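Remarks on the structure that follows.
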Amino acid sequence: MKRILLTCTDLMTIQFMVPHIRYLAENGFSVDLACSVVGNRLEDVKNAVGNVAKIHTLRLVRSPFSPVNLKGYGDLKKILAENEYDIIWTNEPVMGVMTRLAARKVRKKGTKVLYMAHGFHFFKGAPLLSWLMWAPTEIIMSHFNDILVTINWEDYNWAKKHTHTAVIKHIDGIGVDFSEREGVISREEKRTQLGIAPDDILVLSVGELQKRKNHQVIIEAIAKLKNDKIKYIICGQGVLENHLKALVTKNNLQNQVFFLGYRQDIPEIMGACDIFAHPSVREGLGLASLEAMASGLPLITSNVQGVPDYVKNGVTGYMCAPKDIEAFARNMNTLVNDKNLRKKIGTNNIDFVQKYRVEVIEPVIKSILDESLSAKETVKVN
């Protein structure tokens, strides 16, 4: 049986990796998980993984400047010294750097290292500081992995041109779980629970209340439209909650914009909505948008990084520059005033999003791992 070590944070594990851990364990891999705790989700990870994988904890944080990461680096070296892995699959920037550095010795003995980039922190339109910090880091660190996997085409094209990894692959995201799409509650009943009238146009955003998610542009776009039939609900928590609520009050939108906090009934809420808004200023792909597509919702999104991979203007939704309030308002108004267009785009989205299903992505990732392990060519180890 092939032995694999998967490294990522507890948040990424619970949000994306559990189906892949189970799939690999069922298909010829003995799986270990090295997990840093950044979101207090370790117990959830243990419950979700069960006896499928052995779990190691790491003293790593997301900040690249924290001295704590040196302890996490030591944790990784100890795990690798005590176990013989055929392949290591690492994720996320800081975790990816530390794992690849810690794996230098075992690579010389034949262990393969796969780094999956869930969206580089530098991209077209990103701040100069992001480019100065992370682009050189990824170029340098590409010497220390055997496979690089990207989940959007912008990252893939950049990696092909600038990095030194022997094998570079693109996949259609990390997988959308469609199993929860069929709600146990009707659209009408959910709207009643949410206090939304049958003839209201309900817009939804899902994501942390933080600068990157850019919720304020949707609030300001709604203010411009001056249509009290538009209702906007935001599911998520974060440091900008008070700031966003103040913006709502400033624009007299208290009866149109609602903050629902963290929710576990997102599929049901999506089933009650008419439009999904995803205005992020940075997005490797955007799982929430793909889930909304699976629910048959038309999209209004930003035009950054991985989003153009699945948003086609007038076909699956509409893209806008992240700060272009006028464009968001104009495109929202188009969808608000055309029920048939909303329905047509929603049908398109259900068809388009099929290739992103988790059961489609699982065997693709396994084939990349198998291909690396069975490769006859010797990759130069740096």
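Count of the range 77-92 residues, restricted to those that are under 21 Å from HIS118 (Cα atoms) and modelled with pLDDT of 95 or more, is 5. Report, by residue number, each residue of the range 226-249 that is more than 22 Å from ASP265 (Cα to Cα) and assigned to a helix (DSSP H, G or I). Selection gives ASN242, HIS243, LEU244, LYS245, ALA246, LEU247, VAL248, THR249.
The criterion of being surrounded by fewer than 21 Cβ atoms within 10 Å (Cβ to Cβ) and not assigned by TED's automatic domain parsing to the domain that holds THR163 does not hold for ILE368. Going residue by residue through the range 179-190, is there one that turns out to be surrounded by 19 or more Cβ atoms within 10 Å (Cβ to Cβ), of a type in the set (Lys, Arg) and either over 28 Å from LEU11 (Cβ atoms) or assigned by TED's automatic domain parsing to the domain that holds ASN227 (or both)? Looking for residues that are surrounded by 19 or more Cβ atoms within 10 Å (Cβ to Cβ), of a type in the set (Lys, Arg) and either over 28 Å from LEU11 (Cβ atoms) or assigned by TED's automatic domain parsing to the domain that holds ASN227 (or both), one finds at least one in the range 179-190, hence yes. The residue that is farthest from GLY207 (Cα to Cα), counting only those in the range 220-278 that are surrounded by fewer than 16 Cβ atoms within 10 Å (Cβ to Cβ) and small (Gly, Ala, Ser), is ALA246. Residues that are small (Gly, Ala, Ser) and within 17 Å of the chain's Cα centre (by Cα) within the range 151-204 comprise GLY173, GLY175, listed in sequence order. Scanning the range 6-29 for residues that are among the β-branched types (Val, Ile, Thr) and more than 15 Å from the chain's Cα centre (by Cα) yields THR7, ILE21.
When only residues in the range 1-22 that are assigned to a helix (DSSP H, G or I) and aliphatic (A, V, I, L, M) count, which is surrounded by the most Cβ atoms within 10 Å (Cβ to Cβ)? Steps first, please.
Quick first cut of the range 1-22, residues assigned to a helix (DSSP H, G or I) only: 10-22.
Filter again for aliphatic (A, V, I, L, M), leaving 11-12, 14, 17-18, 21.
Numbers: LEU11: 19, MET12: 21, ILE14: 20, MET17: 25, VAL18: 21, ILE21: 22.
Step by step, filter the range 1-22, then rank; the result is MET17.
How many residues are in contact (Cβ under 8 Å) with a residue 12 or more places away in the chain and surrounded by fewer than 18 Cβ atoms within 10 Å (Cβ to Cβ) if we restrict to the range 138-160?
Step one: filter the range 138-160 for residues in contact (Cβ under 8 Å) with a residue 12 or more places away in the chain, giving 138-139, 141-156, 158-159.
Within this subset, residues satisfying the condition of being surrounded by fewer than 18 Cβ atoms within 10 Å (Cβ to Cβ) are 139, 143, 153.
Within the range 138-160, residues that are in contact (Cβ under 8 Å) with a residue 12 or more places away in the chain and surrounded by fewer than 18 Cβ atoms within 10 Å (Cβ to Cβ) number 3.
The values are calculated or read from the model by the stated rules, or taken from the named source; none is laboratory data. This structure is a prediction, so every number in the text was calculated from the model and none was measured. Note that each Cβ is placed from the backbone with ideal geometry, even for glycine, and that neighbours are counted across all protein chains shown.
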